[in-house]
Amino acid sequence: MIAHQSASPGAGSVASGAADVKLACRGVWKLFGPGAESYLASQPKPNAAALAEAGLIGAVRDASVEVGEGEIFIIMGLSGSGKSTLLRCLSRLIEPTAGEIIFEGRNLLQASERELIEIRRHKMGMVFQHFALLPHLTVIENVAFPLSVQGVPREKRQARAQEMVDLVGLKGREKYYPRELSGGQQQRVGIARSLAVEPRIWFLDEPFSALDPLIRREMQSELMRLQSVLHKTIVFITHDFDEAIRLADRIAIMKDGEIIQIGTPEDLVTRPATDYVAEFTRDVQRAKVISARGLMQPLGADCDGRAVDGRVKIASFAAEIVATGRPFAVTDENGKPIGQVSPQSVIDLLAGREAAR
């Protein structure tokens, strides 16, 4: 997984020094309108006003990101920000106007249509907001469908499909039809189907946004459980920051086709690069995002109580530290004390008194 990068470089920054990069895009543009390619060739980096004057729509503008092996990388923004268009460029479901899409070291824009079909069949999994289940097929048949397209023998694909049905918690419903399932169960079938081909990268485009809030949270928990087992590389689209901070290793925030900032949830909340990012994250519960390391102070002599890992979020121990009234030591990944968190600093954070930190 890519080490969490500081968001301070700002718009369009790419994680530097990242090991095991699975997917990257470099200088990707997607313009809609007549003569888009020739215009971009003559005007390499036009701003939004110049594009509008030329009668073009800049759906994605000069986007560059790197997604590491095993990372959950979330792209988010308001409706019309370009996040879904960027995802479709990354999977080459739509053609970028310019730039590079590098998957496992290879530029997908140089792949033939036949090669792309094979890559999508064998290396990519996709789940969208609308489940797109085949209504005349049962659960097990829907899950096995992409394997049948690959020509996998019946016995092998049935065994694989059953494994995926069990994995997503639908054992016993193999012979149900989509109409006999709840929305959350249908989405589980979609997830199982996309996993059946054992994808190397998983694209999820607002997969839970059509679900009721309780079912949505359940599906988020299910995704986290699956990730703990499968360790997939995931590109996930959402407009919900609460969902993003619960799931993401890193987040890219988009606005008007541009990537405004890339960073961990804590980066974005504590060090927003622009007023837009600050406003976007304004209502986030800080205690769920800020880590013990992010709130710690120098280690003091009065710190003789409990120790907490520097990576855990304040919300996980806030009640306990306030109740004890004593500082907690903060440790690194090796268990070595590196600082302390005081009850007062936690109270200030919970009360929204950021300046007291």
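Data table
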| read-out | value |
| --- | --- |
| Check on A351, under 31 Å from the mean Cα position of the chain (by Cα), surrounded by fewer than 14 Cβ atoms within 10 Å (Cβ to Cβ), farther than 15 Å from Q297 by Cα and at pLDDT below 90 | yes |
| Any hit, the range 299-313, residues being among the basic types (K, R), over 21 Å from D267 (Cα atoms) and touching a strand residue (DSSP E or B) at 6+ places or on another chain (Cβ under 6 Å) | yes |
| Filter result for the condition that a residue is more than 18 Å from L86 (Cα to Cα) and not assigned by TED's automatic domain parsing to the domain that holds W202, over A315, A278 | A315 |
| Meets criteria (outside the structural domain of T238 (by TED's automatic domain parsing), in a strand (DSSP E or B) and at pLDDT 90 or above) for V308 | yes |
| Listing of helices (runs of 4 or more DSSP H) fully contained in the range 29-102 that carry 2 or more residues being crowded, with 19+ Cβ neighbours inside 10 Å | 36-42, 83-90 |
| The range 122-150, residues that are surrounded by fewer than 21 Cβ atoms within 10 Å (Cβ to Cβ), modelled with pLDDT of 90 or more and not hydrophobic (A, V, I, L, M, F, W, C) | K123, P135, H136, T138, E141, S148 |
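A quick yes/no check of all residues on (1) modelled with pLDDT of 95 or more; (2) over 29 Å from D240 (Cα atoms); (3) among the hydrophobic types (A, V, I, L, M, F, W, C):
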| residue | (1), (2), (3) |
| --- | --- |
| V21 | no, no, yes |
| Q43 | no, yes, no |
| E71 | yes, no, no |
| S79 | no, no, no |
| I102 | yes, no, yes |
| G105 | no, yes, no |
| L109 | no, yes, yes |
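The values are calculated or read from the model by the stated rules, or taken from the named source; none is laboratory data. Note that the structure is predicted; figures quoted are calculated from it, not measured. A quick note on method: Cβ atoms are made from the backbone with ideal geometry, for glycine too, and the neighbour counts reach across all protein chains shown.
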